[in-house]
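Enquirer: I'd like to ask some things about the structure below.
Each value in this text was obtained by applying a stated rule to the coordinates, not by laboratory testing. Since we're looking at a predicted model, the values are computed, not measured. So basically every Cβ, Gly included, is an ideal-geometry build from the backbone, and we count neighbours across all protein chains shown.
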Amino acid sequence: MRRGISVSRRGMGDVSNFWPIAILVLLGAIYVQAQSTNGQVSGIVNDSSGAAVVGAEITATNTATGVSYSNRTNDSGVYVLPQLLPGQYTITVAKEGFSTVRRSGLTVRTGDHLSLNFELKPGVVQESVTVTETAPLMNADQSASASVLDNKMITELPQLNRNTLDLTAVTPAIQGQGPLSDQIASLGANGYLIANNGNSYSVAGGQVNGTNISVDGNQVQDQEFNATNRSVPTPDAVGEFRVESGILTADRGRYSGGIISINTQSGTNQFHGRAFEYFRNQIMNANSWTNNAANPIVPREPFHQNNYGLSIGGPLTIPHVYSGRNRTFFFFAWEGERFSQGVLTKNSVPTVVNRQGDFSQTVINHDTNGNPIFAQIFDPFHGSMVGGNWVRPQYAGSKICSQTDISGGTCPAANVGLSTQSTLFANYLALWPLPNHAPDAGSDHANNYWSSINTTRPTDRFFGRIDENLSNSHRVNFSLSRSNLTNRIPAPFLNGGGSTTTDYDWSGSMQYNWVVSPTSIVDAHLGFSTAKLYSDGVSGYGAASNPNIDTNTWPFDPLILNNPSRETNHIAPALNIKGYSPVGGSEYDTFVNQDVNGSVAFTKVLKRHTIKTGYEHYLLRFREKGGDHTGVAWINPGGGSNQFWNNNDGLTGSPLAELMMGSSNFFQWGNWDIQPYGWNESAYLMDDWKVNDKLTVQMGLRWDHDGGRQPQNAHSSSPIMYDINAKNVLTPNSGWDWSQVTGAVPQLAGLPQPAWLSQGATGRVVLLNTPEYPQKNLYRTDWLNFQPRLGIAYAINNDTVLHASAGIIYQGLGGLSTDWFSFYYNSVTFNQVSTLDGQHWVSEFGNDHGLGTFPLQASGTNLGYFPPIRTNKDYGFQTFGAAASLDQAGTTIGHFNSPEDYSWDISVQRQLGRNWVATADYTGIRGIHLLTPVWGWSLNNIPLEYYQLGSHLNDQVPNPFFGQSQVFASQPTVSLSQLLGLSPQYSQVSPGQATWGAIEGISRFDPAGFLLDSQDADQHRRKGHPARRPGWYGSSAKPAQLDGSLWGCFI
């Protein structure tokens, strides 16, 4: 039970008749009101007549460190004690001619903004007023609310993951889960996702992933993905954990719904430490059901998890040299984890008869009775027209013969003359091990190779902090945090796919406070964070280098062997075959995020006004470097082994057989080196006006601006942008007109011609920093992001307080993922084309048919192969007819509006007895221009009037741009659907990210429950209308969706 007593506002010596203040304790979190990372105490000192006491000295002494913070009252009797480290304090008020008042046991928490008024009476006798462990818990002059967990609560809560951000689970204002680093064990070969994904937190109904997270005032989220730096201190190093929600004062910005503030532990005058170890192993685990069900029974896999750590803090003392008591303090914490787990892997490899070219026993499907359907193999390279139908010859006995079979007379006569086993594929067959286990029931190859591997995940996290009290007017503290993590997943067999992810993160903060005079205070802050993650074996393509392999001797197409992105000849390019475990490949990715932020603030107390102004600056750098060391992302089967050329019903064919006969699809999206950088800035002015003892008014104006990102290095990947205003990008060939299309699709009769015929083909993806598009920034942003805020607190009586607030909150443009949508990789890309019409095969795996992988076209280009380019003319020549971006499906839009929340709040607090406070709170949020991923949304939408054509939308019609690009050079016809939108020059183009509009409403009642209702207003998708183009670059048109949700919890 926590109690509080305040100094009386009236009466000579009675200091116990002021009403007690308390607050609801819910799930171990204490609701209070707050603004900043450290705490602040302010108030008014009057004499017994109610007149202001000028020049009274106010001293707050931290009982743990002995450090004192002093100030004096101004002409209105107002005082401010800023930047108090969380802890217990004794407050002393002294003035010549008045008795001294001492208040002990005052608890200041992270971000507290406490109002304590004192009354001094004439005399010389010192009076002492004792207060229990906590500060006043119902503030009469603040409007934002918060939950706080202190170190005792944090360390006593059971946590298996030992992740500080998991404390959000006991905070009722938060929905969603935290960073993916918590789930790295379940990510498998995709461990890199911890570096390019944000979190799913939503505070008090704010936008998901819009939560601002800081440690000692230092923002620990990068601006590229909103990913949280993994060096967030461990629970033992956290002094207090705070979640604030609502309309905060103007010195807090760049958030949606609320913020999470973590204040780290500092040392005290006493040495304190803690050491621990938690462990788990297989001895206490039962064997899994699948292991027990196996024949023979698989024994329990080994499992070990050891979490251990220590922490120590105290005065920084060098015996006989320096004593830091009451002045210099340190705190250090280290935590390690050693995790290893045996895993039984079940893999699928080609059978012995498969290796001989025999697919007669290969199960490819099951009939309605569950009986297996065995493969029938057809040859796409030797089809012919028979009776008006295109027919592929079938392999007798589903046997693909080798040259040895033919020369040895073991090849069925019907198969002589058909495609033989690919010479290149024979090299790949040797990469798989032979089966060592019976396959699954109903299959000939599924899970026919078992092996045990041992995954390991060593982790170390370090934290240190120094607090130095230079004098009563100057104080500084430094904190530094470090995290090292390695996640290793061995390959299940030689040349199979393993994965190793290493993650090294740093973050640090410096805070400085200077009390210039009793009415003037300067605060400065400098913070940084850096994260470097390297992942080898991304998506499971992680074969180790094998000196026994030399792909230079394999019969690849020369364009594959001579690819500048190819870095090794001891790893084969990855094979990706449905139903079989991958072999080869060396896909990697590196993410480096560097963020530096600094701020300075000046506070001035003028009579009853506490005015604060400040400026914040953020410098942002990001680099992603990746690709595949083999120069090929992966190789897929090329199709064609099924019976019917225009209908693959899944009852014939085999993807493994396709590669064996030479039908393939080489794919490479390029190797990339993406290096955007930029800066953001903010400024604010605010006034905390204590009108009288009952009424406090908080006014503020904040300004934020996000600068557009631009590349750091002109020789790295090139910035691109979608120019939505480009007109007449391509014009039809002479001799082509719309009547040729209507002749091919008579159902078009009576329907209007597409708009591009009169308006011109619209929109194109362009390279920036070129003569045509000289801009360097990836996109443009708004400058006039002013955010007025107003908060009012009125004490109706000693037991009831009314709060009201309203304001605009700028969310910022963090999380744009420019690596996905804003760069052309400047490297070789390719996407092998097996066939242009589904009948004639024009390329192959190796060179057994004399076709090659990327055949030369009449235009002088190689079909499906795209060398790097530097001009917009060449970029258009490569992309017209294909996706607008060769590397990704999406592209950056030219302008982003400012995502903002228009928020309003009203609440009533009522004290119930001595120890409870009930709060009824309503908050409304109207979000505009919200940042939203829109992957897959086409910018070449088909108008609704054409939907009646149904399947005819896929009919092939004469191509008006035949020959005008590398892709169009091999496309005399295109799908009708491509010609009906405004951008017929592209097969696909998507904005990737956009700024939309939404509205949300939140209602909340405490202490019994928490209720939220949210709606996103978006009429277009609800009504089935296609999105309108203006919304894609954040204009006032705001296509969104109408969506509702309701949730609640009762404690």
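Enquirer: For the range 941-946, take each phi angle, set θ = phi - 60°, evaluate the Karplus expression 6.51 cos²θ - 1.76 cosθ + 1.60, and give the result in whole Hz per residue in order, putting x for glycine and proline.
Expert: 5, 7, x, 4, 5, 8
Enquirer: Can you give the FRET efficiency to the nearest 0.05 for residue 799 and residue 922, using r as the Cβ-Cβ distance and R₀ = 25 Å?
Expert: After rounding, the FRET efficiency stands at 0.75.
Enquirer: While we're looking at this one, here's another question. Assuming a ≥ b ≥ c are the square roots of the Cα gyration tensor eigenvalues, decide whether the range 767-897 counts as rounded (a/c under 1.5), prolate (otherwise, with a/b larger than b/c) or oblate.
Expert: Since a/c reaches 1.5 and a/b is larger than b/c, the shape of the range 767-897 is classed as prolate.
Enquirer: Here are a few candidate values for percent of Cα pairs over 42 Å apart: [x] 72; [y] 50; [z] 58. Which one was actually calculated from the structure I just gave you?
Expert: Read-out from the structure maps to [y].
Enquirer: Under a 5 Å amide H to amide H cut-off, with H placed in plane at 1.01 Å, what residues pair with residue 43 once short-range neighbours are removed?
Expert: Amide H neighbours of residue 43, under 5 Å, 5+ apart: 79, 116.
Enquirer: What full-extension length gain, to one decimal in nm, is calculated for residue 693 and residue 185 as 0.36 nm per residue of separation minus the Cα-Cα distance?
Expert: 177.3 nm
Enquirer: If each residue's Cβ is checked for other Cβ atoms within 10 Å, how do 385, 660, 721 rank with the fewest at the top?
Expert: Placing the least packed residue first, the sequence is 385, 721, 660.
Enquirer: For each of 717, 42, count neighbouring Cβ atoms within 10 Å of the residue's Cβ, then give the residues from fewest to most.
Expert: Neighbour counts put them in this order, fewest first: 42, 717.
Enquirer: Hey, another quick one. In whole Hz, what ³J(HN,Hα) sequence does the range 580-590 give by Karplus (6.51, -1.76, 1.60; θ = phi - 60°), x for Gly and Pro?
Expert: These are the phi-based 3J(HN,Hα) values: 10, 5, x, 10, x, x, 8, 7, 9, 8, 10 Hz.
Enquirer: Under the definition of Cα pairs under 8 Å and six or more residues apart, what whole-number percent is the relative contact order of the chain?
Expert: 10
Enquirer: Fewest to most neighbouring Cβ within 10 Å: what's the order for 504, 875, 308?
Expert: Fewest-to-most Cβ neighbours within 10 Å comes out as 308, 504, 875.
Enquirer: Once both labels are modelled 7 Å past Cα along the beta-carbon direction, what's the residue 837-residue 758 spacing in nm?
Expert: Once both label points are built, they end up 3.7 nm from each other.
Enquirer: Let me know the shape class of the range 143-294, please: from the alpha-carbon gyration tensor, a ≥ b ≥ c as square roots of the eigenvalues, rounded when a/c is under 1.5, otherwise prolate if a/b is greater than b/c, or oblate.
Expert: Oblate.
Enquirer: Residues with amide H under 5 Å of residue 693's amide H, sequence separation 5 or more or different chain, H placed in the peptide plane at 1.01 Å from N; which?
Expert: none
Enquirer: Helix-only estimate, please: 222 nm mean residue ellipticity of the chain, summing -39500 (n - 2.57) across DSSP H runs of length 4 or more and dividing by its residues, to the nearest 500.
Expert: Mean residue ellipticity, 222 nm, calculated: -1500 deg cm²/dmol.
Enquirer: Spin-label point model (7 Å from Cα, Cβ direction): what's the residue 208 to residue 64 distance in nm?
Expert: 3.8
Enquirer: Would you please classify the overall shape of the range 227-288 from the alpha carbon gyration tensor, given that a ≥ b ≥ c denote the square roots of the eigenvalues, rounded means a/c under 1.5, and beyond that prolate means a/b larger than b/c while oblate covers the rest?
Expert: Verdict is oblate for the range 227-288.
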